[in-house]
Amino acid sequence: MSEQQPTPVSVLGLGAMGRAIADAIHRGGHHPTTVWNRTAGRAESLVAKGLTLAPTATAAVEASPVIVVCLLDDASVRATLTPLTGSLAGRLVVNVTTMTPKQARETAAWAAEHGIEYLDGAIMAIPEMIGLPVASLLYSGSAAAFDTHRELLELLGTARYFGTDAGRASLYDLALLGSMYAMFAGVAHGAAMVASEGVPAAEFVAMAGPWISAMTTGLPGHAEHFDSGDYAAEVQSLDFNKAAVDTIAEASRDQGVGTDVIAAVQTLIDRQVTAGHGKESFARIFESIRRPVGAS
Ligand code: FVH
């Protein structure tokens, strides 16, 4: 099912991402596109393009059947939406604020309790990418809302639905972001190592980018180990990787740079080696993460 006429939409939150979203929705013909922000002065460029600035959050909600919420975090969503509960009843909230799966599920439960349709969203993009297919947006929650408003959601980027459990989109979002942050931290460590001998980071990242990219071809193999629980090493063993990672840590100390990033990898390896898995694959560190020390 799809919308017959572009639905009026209101956007709560005009940070960098909220502004990009409101602009894309307005360009997509969802008129009036109404916007609201806690602090004044962030809507000028949007108003100049024809969007409507609501004087209050209540007025913004009451202007549209679909309310897109793009605020800082869970606390700001609660602070903003709780006083609007009555006005939100019977409307759809599409919440693209970054939050934990637990927080998303709690927000969905609160919405259900008050007759508010709820779709949780996660944005795998920066504001400049909004409106382009390369922007990936993950959704979970109301299937009817996703089907009905798919054209609206596709205005922001490629929309993908992960089921009725409202926490699922956040789970994927934070898992992907976690992978990204660990990768960036690894590059920062490498850049610090070569910087200790005056090598510019620009020179280093020109090598690191293609290197990391080439290494990602091994990811499906890692996934096979993770999914099967079979860590038989085809090539290099954890004992081999331990020697390499210990050497990186030693070199880091020799160069006078921090070992925080590489020490985390050492910890994951050492736990498996100590448990007798040194002949198995590096992918076995998954077990150190999946079952952390102290977990029941
Ligand atoms: N920007 C990005 O690249 C990323 C990419 C991936 C996903 N995120 C998430 O999107 C949410 C919003 O991000 P943003 O970039 O728009 O963030 P800011 O520019 O910092 O704007 C924050 C807005 O939240 C409002 N706000 C903060 N606290 C409150 C509160 N207690 N009550 C009401 N509104 C609040 C803030 O308003 P103001 O400070 O201007 O009054 C902004 O509108 C976020 O979850 C990212 O993780 C973006």
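The values are calculated or read from the model by the stated rules, or taken from the named source; none is laboratory data. A quick note: this is a predicted structure, and the numbers were derived from the prediction, not measured. Quick reminder, even Gly has a Cβ in these numbers, built from the backbone with ideal geometry, and neighbours come from all protein chains shown. All accessible areas refer to the heavy atoms of the entire protein, side chains included, with ligands and DNA or RNA removed. Shrake-Rupley method; radii C 1.70, N 1.55, O 1.52, S 1.80 Å.
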**Request:** Looking only at region 116-127, decide whether some residue is in a helix (DSSP H, G or I) and surrounded by 22 or more Cβ atoms within 10 Å (Cβ to Cβ).
**Result:** no
**Prompt:** So which residues in region 1-54 are without any contact (Cβ under 8 Å) to a residue 60 or more places away in the chain, surrounded by fewer than 18 Cβ atoms within 10 Å (Cβ to Cβ) and touching a Ser or Thr at 6+ places or on another chain (Cβ under 7 Å), if there are any at all?
**Reply:** Pro8, Pro32
**Request:** Consider Arg42 carefully, then state whether it is within 14 Å of the ligand (Cβ to nearest atom), under 26 Å from the mean Cα position of the chain (by Cα) and assigned to a loop (DSSP other than H, G, I, E, B).
**Result:** yes
**Message:** Go through (1) in contact (Cβ under 8 Å) with a residue 60 or more places away in the chain; (2) touching a Gly at 6+ places or on another chain (Cβ under 6 Å) for Leu137 and report which single condition fails.
**Reply:** (1)
**Request:** Take region 83-129 and flag every residue that is over 22 Å from Leu152 (Cβ atoms) and either within 11 Å of the ligand (Cβ to nearest atom) or touching a residue at least 40 places away in the same chain (Cβ under 8 Å) (or both).
**Result:** Pro83, Thr100, Pro101, Lys102, Gln103, Arg105
**Request:** For region 60-79, state whether one or more residues are away from the ligand (no atom under 16 Å from the Cβ), in the same structural domain as Asp120 (by TED's automatic domain parsing), within 24 Å of Met124 (Cα to Cα) and modelled with pLDDT of 95 or more.
**Result:** yes
**Message:** Tally up the residues in region 109-130 that are among the charged types (D, E, K, R) and under 14 Å from Asp173 (Cβ atoms), please.
**Reply:** 1
**Fill in**
The condition from (1) within 17 Å of the chain's Cα centre (by Cα); (2) open to solvent by less than 60 Å² (accessible area, probe 1.4 Å) that Ser179 misses is numbered (2)
